[in-house]
Structure formats: structure tokens, C-alpha cells
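As C-alpha cells, the structure follows; a few thoughts come after it.
Each value in this text was obtained by applying a stated rule to the coordinates, not by laboratory testing. Model, not experiment: these values are computed from the prediction. When we count neighbours, we look across all protein chains shown, and the Cβ atoms used for this are built from the backbone with ideal geometry, even at glycine.
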Amino acid sequence: KNETMKIESDSVVLAIGQQPDFAFLSDADGIRIGPGGTIKIEPETLATSAPGVFAGGDAAFGPRIAIEAVANGKTAARSIHAYLGGSDPGTDLQVSITRVPAEEHRMPAGYERKKRETAPTTDVDRRTGIAEVEHAMTEEQARTQAERCLVCHVDTVYDPIRCVLCNRCADVCPEKCLTFAPIEQVDMPAEQRQAALARYGHDPGVPLTVLLKDDTACIRCGLCALRCPTEAMTMERFHFAESLRS
Ligand code: SF4
Ligand code: SF4
């Protein structure tokens with residue numbers, strides 16, 4: 001305290017600790033708090049130790065993303081319905097996959113070069129009390145940032161049966177995330193190697209080639225599918241829908 005020191009570093013990450021304030025709860029409420037300072041819950045139903053009380057989000061799981069809190073809300077709603085005398089019908093997940101014609105898959109111009117911008121904030125010396133610190137982006141900023149989306153629900157799908165190993169996809173890929181390699185040179189679990197050989201190694205005299213894709217580098221530009229002469233590489237849209245079981 002009151003001591004200043006200088007430490008050489010490459011970068012500094014500001015991490016602030018946050019935790020829920022449960023001062024409003026009393027023993028009579030019967031809601032148990034775990035050692036991590038979050039509400040103890042039954043993970044499947046989100047029921048707390050107090051009958052009829054359910055909890056989710058950061059208060060139950062600690063810091064997580066907003067989308068998980070939304071999912072918790074849905075789970076808790078089903079649990080509350082069951083608790084009040086109904087039954088939890090469970091959910092069904094429907095997955096549909098549709099091919100996007102390669103020439104129709106278009107990303108916004110220059111999307112891969114747009115820089116990430118943060119929302120404007122109030123100057124440090126003007127922050128007082130509970131005044132808002134982070135402000136909304138302008139519509140133009142928000143639209144520009146939205147164009148950075150890599151649309152990951154549309155992805156490359158590779159069909160080795162159609163592939164003629166022309167290498168055009170790897171050649172055109174701007175991120176160099178596609179590589180063809182002989183299967184002997186690929187470090188992979190023995191079971192996977194056996195499965196690949198069993199499925200595709202029909203002719204023992206013909207060496208088997210593997211297509212490796214670095215999905216973390218892929219920017220979903222679709223150029224590989226556009227360049228492929230045999231439709232072995234395609235862009236496909238994955239759509240997931242969860243609904244209550246009827
Ligand atoms: S979609 Fe684009 S970045 Fe991804 S593998 Fe194909 S060419 Fe490469
Ligand atoms: S462009 Fe198509 S056919 Fe050629 S190597 Fe790539 S996936 Fe195979």
C-alpha cells in the first residue's frame with residue numbers, strides 16, 4: 001500500500017474480481033451459498049436448497065457469458081413448470097444442413113481486415129458513482145463490427161470420395177489453413193488411422209492422402225469451395241433448433 005514499483009512486462013491485463021451480493025438473504029430463506037460465493041444449485045434443474053427457488057447465471061455458476069444465462073433461464077422455466085405440477089417434457093434438437101452454392105457465398109468486402117473496436121467509454125477522471133462507463137457504439141460502428149462476423153454456422157465440408165487431389169483449394173486459401181499430407185506423416189491416434197484406412201484405403205498399392213484443416217485460421221471466405229472443380233469442397237449451412245418435446 002502507498003508503495004509504487006515498476007515491473008517490466010509485455011502486456012498488462014486488468015482483472016477485477018466480482019461476486020454477487022447476497023446480503024439480502026437470511027437463514028430463514030434456506031438458500032445455501034457454496035464456498036465459491038455462488039448459490040448452490042442442482043445443475044440439471046437449477047433448483048436451490050430452498051424448495052421452489054431456482055437460480056442460474058453468474059449468481060449460480062460464477063462469471064460466464066450472457067448466452068449461458070439465457071439458457072439457464074429456459075432450463076429454470078421448465079423446472080418451475082415441473083415444480084408447479086406440470087411435467088418437464090424435455091427438448092428435441094433438430095439439426096439441418098444445407099449446401100450454399102459456392103458462387104452465392106459472399107462475405108462483406110474487406111471483412112477480414114476490419115479491426116476490432118471497443119465501445120466508447122467515459123474518461124477515467126469523469127467517472128463518478130454509478131455513472132455509465134461504457135457507451136453504445138454508433139450504428140455505423142455496430143454495422144462495421146457486425147461485418148467482422150465469420151459466420152461460423154456456414155463452414156467448409158470436404159468429401160474425400162469426390163476429391164481428385166488437384167490441390168486448388170489449398171492453393172487458393174488466403175489463410176493457408178489447408179494442407180494435404182500422406183497419412184504416414186500425420187500424427188493421429190491409432191484408432192483414427194485404422195478407421196481412415198478401413199474406410200478409404202481400398203487399394204493397398206495407392207498411398208492415402210489426408211486433408212488437414214486448421215479451423216482456427218479459417219475465415220469462411222469460401223474460396224476453396226469456389227475453386228474446387230468436383231464439389232469435393234463445399235460450403236454448408238448448419239442450423240440448430242431446440243424445441244419442447246410434444
Ligand atoms: S473458407 Fe477460405 S479460409 Fe477457410 S479453408 Fe476455405 S479458402 Fe481457406
Ligand atoms: S480443390 Fe477440390 S478436388 Fe481439388 S484438392 Fe481441393 S477438395 Fe480436392
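Below are the figures for this structure:
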| quantity | calculated |
| --- | --- |
| Cα gyration tensor shape for segment 160-246, rounded if a/c is under 1.5, else prolate or oblate | oblate |
| Trypsin sites (Lys or Arg not before Pro) restricted to DSSP loop in segment 1-99 with at most 16 other C-beta within 10 Å | K1, K6, R32, K40, R64 |
| For C228, C166, order by how many other beta-carbon atoms lie within 10 Å, fewest first | C166, C228 |
| Helix-only CD estimate at 222 nm, as mean residue ellipticity for the chain, using -39500 (n - 2.57) per DSSP H run (n ≥ 4) | -5500 deg cm²/dmol |
| Gained length - R127 relative to R32, 0.36 nm times residue gap less alpha-carbon distance | 30.6 nm |
| DSSP-assigned coil residues among chymotrypsin sites (Phe, Trp or Tyr not before Pro) in segment 1-64, each with at most 10 further Cβ atoms within 10 Å | F24 |
| Compactness of the chain, expressed as Rg and Dmax over alpha-carbon positions, Å | 26.1, 76 |
| All aspartates and glutamates inside 18 Å of K176 as judged from Cα atoms, apart from same-chain residues fewer than 8 positions distant | E112, D155, D214, D215 |
